[in-house]
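To keep things clear, I will list the structure first and then write my remarks on it.
The values are calculated or read from the model by the stated rules, or taken from the named source; none is laboratory data. Here the structure is a predicted model, which is why all the values come from computation and not from measurement. In this analysis, Cβ positions are derived from the backbone assuming ideal geometry, glycine residues included, and neighbour counts consider all displayed protein chains. The accessibility values were calculated without ligands, DNA or RNA, using every heavy atom of the protein model including side chains. Shrake-Rupley method; radii C 1.70, N 1.55, O 1.52, S 1.80 Å.
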Amino acid sequence: MGLFSFLKEKFSHKDKSSDSILTYDKGLKKAKKAFTDKINDISKDDSIPSNYFDKLEEILIEADVGISLTTEIINNLANTIRENKIKTLHEANEALVSEMFKDYMKDENIKNDITFNQVPTVLLVVGVNGVGKTTSIAKLANRYLKMNKTVMLAAADTFRAGAIEQLKEWGNRLKIEVVTGAVNSDPASVAYTAAKKAKEQKTDLLIVDTAGRLQTKTNLMNELSKISRVISKEIPNAPHETFLILDATTGQNGVIQAKAFNEATKITGAVITKMDGTSKGGILLAIRHDLNIPVRFMGLGETLDDLKEFDINLYLHGLCVEE
């Protein structure tokens, strides 16, 4: 059974009006049009044209999959087509999608959610300014509040007054405590104060916002290392998770950002924002391939509930399956 057929069969037994399926399908509409429609239009009939691989290369690079991964996908696909004597465009495209997502398909049963093995659990959030970092923190907080977890926020992005005020506003809306410091104060001191409070109050989850400056990686490394160090003095093994927030619309620039932050601190997962606003969904493949960073959550809309745990099957259904 091909991947498209597998996905159709898998979801035929599920309620197509379910929140998750609808959110994924709606949120990936632009990406689907740019990817699935294009690969299906490579040939007017079901034959594999002589320029198939050239067209594929163009589509994949336009989707921001990246040159290195695109080359690997095409080489492996060419071998699969030859070895399996594939003759139709439909079969070739099914093999293409299987090749693109084989790393994720291996891990399809792994849950991306935070595991609360320690109280407090500390989540460090990193990312450049403008990617939707503060909003993503609010969406994550909202998610765990709905799971009846207690949540505290730490405004350790002390170099931007706007970041502190924005986080405080979200805290007010969500009715949760936000630990702040003065503008330009030491970010690590804010993180330490928050860690101490979260420990005293037995808060389930402490989310720490950090500065999004990439001008000098040395400063970034020192700052993030210091924050991690002071938190771990109060809470052993903290931070337990470090999420990198990436804007899907930035494409390959997001991969460059991921590399810089991954050098500065150990990233345990990526949160891809604004996925509903782009036709270029290849960034998640690129960061997985180049840096082995898994996507943990995806922003598929503007409301607080539109941040969804990444599900490879729902993603492939939204991106590839034509109803």
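Results, tabulated for the structure shown:
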{"quantity": "Verdict on Pro239 being open to solvent by 10 Å² or more (accessible area, probe 1.4 Å) and under 10 Å from the mean Cα position of the chain (by Cα)", "calculated": "no"}
{"quantity": "Out of Arg229, Arg288, sole residue that is assigned to a helix (DSSP H, G or I) and either of a type in the set (S, T, N, Q) or at pLDDT below 90 (or both)", "calculated": "Arg288"}
{"quantity": "One residue from Ile312, Ile267 being in contact with a Leu (Cβ under 8 Å, 6 or more places away or on another chain), β-branched (Val, Ile, Thr) and within 30 Å of Ile21 (Cα to Cα)", "calculated": "Ile267"}
{"quantity": "Considering residues of the stretch 252-266 that are touching a residue at least 24 places away in the same chain (Cβ under 8 Å) and out of contact with any helix residue (DSSP H, G or I) (no Cβ under 6 Å at 6 or more places or on another chain) only, the residue surrounded by the most Cβ atoms within 10 Å (Cβ to Cβ)", "calculated": "Phe261"}
{"quantity": "The stretch 118-159, subset at pLDDT 95 or above and among the charged types (D, E, K, R), residue nearest to Gly212 (Cα to Cα)", "calculated": "Lys139"}
{"quantity": "For Met152: the one exception among (1) assigned to a helix (DSSP H, G or I); (2) of a type outside the set (Val, Ile, Thr); (3) open to solvent by less than 10 Å² (accessible area, probe 1.4 Å)", "calculated": "(1)"}
{"quantity": "Failed condition for Val122, given (1) part of a helix (DSSP H, G or I); (2) in contact (Cβ under 8 Å) with a residue 60 or more places away in the chain", "calculated": "(1)"}
{"quantity": "Residue list for the stretch 69-105, restricted to those being open to solvent by 20 Å² or more (accessible area, probe 1.4 Å), at pLDDT 90 or above and assigned to a helix (DSSP H, G or I)", "calculated": "Thr71, Glu72, Ile74, Asn75, Asn76, Ala78, Asn79, Thr80, Ile81, Arg82, Glu83"}
{"quantity": "Residues satisfying the stated conditions in the stretch 127-168, i.e. closer than 20 Å to Gly301 by Cα and without any contact (Cβ under 8 Å) to a residue 60 or more places away in the chain", "calculated": "Leu145, Lys146, Gln166, Leu167"}
{"quantity": "When residues of the stretch 39-68 are limited to those that are part of a helix (DSSP H, G or I) and under 18 Å from Ala248 (Cβ atoms), the one least open to solvent (accessible area, probe 1.4 Å)", "calculated": "Leu60"}
{"quantity": "Tabulated pairs, the stretch 67-95, first within 14 Å of Pro49 (Cβ to Cβ) and of a type in the set (Val, Ile, Thr), second open to solvent by 20 Å² or more (accessible area, probe 1.4 Å) and not in a helix (DSSP H, G or I), C-beta under 9 angstrom, 6+ apart or interchain", "calculated": "Ile81/Ile48; Ile81/Lys87; Ile86/Ile48; Thr88/Asp46; Thr88/Ser47; Thr88/Ile48"}
{"quantity": "Residues that are open to solvent by 70 Å² or more (accessible area, probe 1.4 Å) and either of a type in the set (A, V, I, L, M) or farther than 22 Å from Gly132 by Cβ (or both), drawn from the stretch 198-216", "calculated": "Lys199, Glu200, Gln201, Lys202"}
